[in-house]
Amino acid sequence: MAKPRIIPGHPGVYLKEILDELGVSQYRLAQELGVPAIRISHVVRGQRPMTAELALRLGRYLDQSPRYWFHVQSRYDMDVAEDRVGSRVIREVRRSKAVA
């Protein structure tokens, strides 16, 4: 039996942890970043992706590389895709003989 994969958390999970540690509300973060509060709420709840623009804003605000946030989103997206359609892609697509 295959071992179940654990999909890394959505970037919103990590953002919520940071906000809790800093004692910053989602509303205040939205004000500081200059974005609608609902956008932050949706990201924190995993209902919306971490966009490149939001990653830039967060990176600036938190004095972090924005690439960190974009990488977390990219990794999450790939893991979700592998979980949803990975086995089907393996069945449907053959490797190129030219590359092998």
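Taken together, the values in this text are just the output of simple stated rules run on the coordinates, not laboratory data. These numbers come from a predicted model, not from an experiment. Here the Cβ positions follow ideal geometry from the backbone for every residue, glycine too, while neighbour counts run over all protein chains shown.
Stretched out straight at 0.36 nm per residue, the stretch from A52 to R28 would grow longer than its current Cα-Cα span by 6.6 nm. Packing-based ranking of 30-40, 50-60 yields 50-60, 30-40, ordered from highest to lowest mean Cβ neighbour count within 10 Å. Taking square-rooted eigenvalues a ≥ b ≥ c of the alpha carbon gyration tensor, is segment 11-92 rounded, prolate or oblate, where a/c under 1.5 means rounded and, failing that, a/b exceeding b/c means prolate? Because a/c hits 1.5 or more and a/b exceeds b/c, segment 11-92 counts as prolate.
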